[in-house]
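Structure, as structure tokens:
The values are calculated or read from the model by the stated rules, or taken from the named source; none is laboratory data. Just so we're clear, the structure is a prediction, and the values are computed from it rather than from any experiment. Backbone-built Cβ (ideal geometry, glycine too); neighbour counts: all protein chains shown. Note: areas computed on protein heavy atoms with side chains; ligands, DNA, RNA excluded. Shrake-Rupley method; radii C 1.70, N 1.55, O 1.52, S 1.80 Å.
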Amino acid sequence: MTEYATYFETMGRKARAASTAMQLADTAVKNKLLQTVADVLVAHIPAILEANEKDMAQAGDYNLPQIMYDRLRLTKERIEQMALGVRQLVDLDDPIGEVMESSTRPNGMEITKVRVPLGVIAMFYEARPNVTVDAAALCMKTGNAVILRGGKEAFHTNECLVNLLRDALTEVNLPADAVQLVTVTDRAAVSDLLRQREYIDVVIPRGGAGLIKRIVEESRIPVIETGSGVVHVYVDKDCDEAKIVPIVVNAKVQRPSVCNSAETLLIHEAVAPKLLPIIADALMAKQVELRGDEASRAIVKDIKAAEESAWSTEYNDLIMNVKVVPSVEAAIAHINHYGTKHSECIITENTEAAQAFLQQVDASTVYVNVSTRFTDGFEFGLGAEIGISTQKLHAHGPMGLLALTSYKYYVQGDGQIRS
């Protein structure tokens, strides 16, 4: 038995027991819990900020990139936004118990397909304390238990938040162990948690490519991948020039540290000589460093040469690749080769080009004339999200309530036997 196996087995047992109670909780109780969570968060803003300040002060010890401080940092407004996301879940329909299909067989046997919780979810994520609340709240609404393993960079903040979430559970007479935080920060412990197949039903990693790769390779538990975001914006030859700069700048600059921010600008060769200098000036005015191919550098001298690795890099920073392409087909081919199946955008007024892009680009979310920054559970009206799935089995795109459910069949009869 490995060093941390007993620790995680105990945690798994508690989570499994708690999930049984959560599954039996009715909608009114779960909604009361969510209201309590939101109230507790707002009431304890000073304590949350104090814990977050400890993490911010220690971030340098972990060599956290400067741009990633934005993900780690909480403010009064961000905590209030977290609470609002929780309150929005109250207004959404409870999916548990929903009858998805029903039929009566010729022998009179009645079959009903009913939505049920997944059970116990293990959530892995990095320096993003907002994920702690989003993940827990979604699990609460869907009757799941969750084990949270956040990055050590956010340990004090996560600990404070989880204590408040557990207090809210206790207040409405639900088991506090429905939400547990892994307090072991040793990276070696991850392997032991990923072996708890007996108690954990699914693992969801949310973070950089390295984290996700390790979870997928080591887990003995089914994994839902929430991939990194090598996101593209393609400016077509038939674009509306008034839309270009606002969309491109927003997609790159509005919050560059997140996975739905754009990393590469593709532009059609027919409009590149005229429009690329305008786009480049707007981006560089926002301190964006541009790296491009020979064609783009011939048009804008301030663009640096892009290495081959640039096209598959998620910067999470004020850096953007630029490439001139001969057609929408070439843009689609580039995206499908280098993209991570996250979010992709075309700026065009050409209906055929838009349809080709929508149908042929392999991504969870594809946009026409809209910033990629909208790939988000809150923006999609899901109340919150537990991640953005870039795989196609079980869930695809922003994962809200329905993504945390499965189904089972109720079969009722009057003594039927199979002959």
query = Hey, any hits in region 228-249 for a residue that's in contact with a Lys or Arg (Cβ under 7 Å, 6 or more places away or on another chain), open to solvent by less than 50 Å² (accessible area, probe 1.4 Å) and not small (Gly, Ala, Ser)?
reply = yes
request  = Just name the residue that is farthest from residue 136 (Cα to Cα) out of those in region 87-113 that are charged (D, E, K, R) and open to solvent by less than 40 Å² (accessible area, probe 1.4 Å).
outcome  = 113
ask   = Restricting to region 196-225, what's the tally of residues that are polar (S, T, N, Q) and in contact with an Asp or Glu (Cβ under 9 Å, 6 or more places away or on another chain)?
value = 1
inquiry  = Conditions first: (1) assigned to a helix (DSSP H, G or I); (2) touching a helix residue (DSSP H, G or I) at 6+ places or on another chain (Cβ under 9 Å). Residue 239 passes all but one, so which condition is the exception?
reply    = (1)
inquiry  = Condition (residue is assigned to a helix (DSSP H, G or I), of a type in the set (D, E, K, R) and under 25 Å from residue 15 (Cβ atoms)) applied to region 134-145: is it met by at least one residue?
reply    = yes
Condition check for residue 136: surrounded by 21 or more Cβ atoms within 10 Å (Cβ to Cβ) and at pLDDT 95 or above = yes
message = For the condition more than 21 Å from the chain's Cα centre (by Cα) and either at pLDDT 95 or above or crowded, with 24+ Cβ neighbours inside 10 Å (or both), what is the one hit in 146, 116?
response = 116
request  = Give me the pairs, please: first residue somewhere in region 31-42 and modelled with pLDDT of 95 or more, second residue anywhere and open to solvent by 10 Å² or more (accessible area, probe 1.4 Å) and not in a helix (DSSP H, G or I), beta-carbon distance under 8 Å, and either six or more positions apart or on two chains.
outcome  = 31/94; 32/172; 33/25; 33/172; 33/174; 36/172
inquiry  = Residues that are more than 17 Å from residue 260 (Cα to Cα), in a loop (DSSP other than H, G, I, E, B), at pLDDT below 95 and of a type outside the set (D, E, K, R): does region 204-215 have at least one?
reply    = no
query = What about residue 395, is it aliphatic (A, V, I, L, M) and at pLDDT 95 or above?
reply = no
message = Please go through region 167-191 and give me each residue that is over 18 Å from residue 121 (Cβ atoms), open to solvent by 30 Å² or more (accessible area, probe 1.4 Å) and not in a loop (DSSP other than H, G, I, E, B), ordered by number.
response = 167, 170, 171
inquiry  = Given the options 405, 372, name the one that is in contact with a strand residue (DSSP E or B) (Cβ under 8 Å, 6 or more places away or on another chain), surrounded by fewer than 22 Cβ atoms within 10 Å (Cβ to Cβ) and at negative phi.
reply    = 405
task = Check region 137-148 and report whether any residue there is over 23 Å from residue 93 (Cβ atoms) and touching a residue at least 24 places away in the same chain (Cβ under 8 Å).
result = yes
query = What number of residues within region 12-46 satisfy the criterion of being farther than 28 Å from residue 97 by Cβ and either touching a His at 6+ places or on another chain (Cβ under 6 Å) or crowded, with 18+ Cβ neighbours inside 10 Å (or both)?
reply = 1
note = Pairing a residue in region 243-256 that is under 12 Å from residue 372 (Cβ atoms) and outside any helix (DSSP H, G or I) with any residue that is open to solvent by less than 20 Å² (accessible area, probe 1.4 Å) and at pLDDT 95 or above, where Cβ atoms lie under 8 Å and the two sit 6 or more apart in sequence or on different chains, gives 254/261; 254/371; 255/261
